[in-house]
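The values are calculated or read from the model by the stated rules, or taken from the named source; none is laboratory data. Just so it is clear, the structure is predicted and the values come from calculations on it, not from any experiment. Cβ sites come from the backbone with ideal geometry, for glycine too, and all protein chains shown count toward neighbours. Heads up: the accessible areas ignore ligands, DNA and RNA and are worked out on the full protein's heavy atoms, side chains in. Shrake-Rupley method; radii C 1.70, N 1.55, O 1.52, S 1.80 Å.
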Amino acid sequence: MRIRHDQPDARLCRIVDAVSGEPITNVIEADDTEGWYVAHKIGPDGKLVLSADRSVYVTERVERPIKIITPEWAVSLTAFP
């Protein structure tokens, strides 16, 4: 399944590491079928990282096995074609 943060009811989904079960935060878009997600990069101070010109937040694409956990009743609401 593929999901984006701006989809209706995307907040109902949880994204976790498929191996450890560790929650993954600050995700913008994710696809558990292909095994990747795009998230805001977090600095050592725990805040979002800004670009060098301070105009946008830095994002990174991470390739690793993930699971998107969605309540059964919400699956049809969050399906991304």
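Would you work out the charge dipole size for the chain about its Cα centre, treating the Cβ of every Lys and Arg as +1 and the Cβ of every Asp and Glu as -1, and quote it to the nearest 20 debye? Walk me through the numbers before you get to the answer.
Values: 10 positive and 13 negative charges, 35 e Å.
Charge dipole, the chain, about its Cα centre: 160 debye, nearest 20.
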Using a 1.4 Å probe over the heavy atoms of the protein chains, calculate the carbon and sulfur portion of the accessible area of the chain as a whole percent.
54 percent
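Rounded, prolate or oblate: pick one for region 1-45, where a ≥ b ≥ c are the square roots of the eigenvalues of its C-alpha gyration tensor, a/c under 1.5 means rounded, and failing that, prolate if a/b is larger than b/c, else oblate.
Details: a/c = 1.67, a/b = 1.18, b/c = 1.42.
Oblate.
Compute the length gained on full extension between Glu63 and Arg2: take 0.36 nm times their separation in residues and subtract their Cα-Cα distance, giving the result in nm to one decimal. Walk me through the numbers before you get to the answer.
Numbers: separation 61, 0.36 × 61 = 21.96 nm, distance 1.39 nm.
20.6 nm is the gain from fully extending Glu63 to Arg2.
Plugging the Kirkwood radius over Cα pairs into Stokes-Einstein for the chain, at a temperature of 25 °C and a viscosity of 0.890 mPa s, what D comes out in µm²/s?
183 µm²/s
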With an 8 Å cut-off on Cα pairs and a minimum separation of 6 or more residues, tell me the relative contact order of the chain in percent.
38 percent
Local electrostatic count at Glu22 - Lys and Arg +1, Asp and Glu -1, tallied over other residues with Cβ under 15 Å
+1
What is the sum of charges around Pro65, taking Lys and Arg as +1, Asp and Glu as -1, for the other residues whose C-beta is under 14 Å from the C-beta of Pro65?
-4
Only helices counted: for the chain, with every DSSP H run of 4 or more residues adding -39500 (n - 2.57) and the sum spread over all residues, [θ] at 222 nm is -500 deg cm²/dmol
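Just to make sure I understand: if all protein chains stay in place, what is the order of Glu72, Glu29, Glu63 by accessible area at 1.4 Å, largest first? Don't skip to the answer; put the middle values down first.
Values: Glu72 160, Glu29 30, Glu63 120 Å².
Result, largest first: Glu72, Glu63, Glu29.
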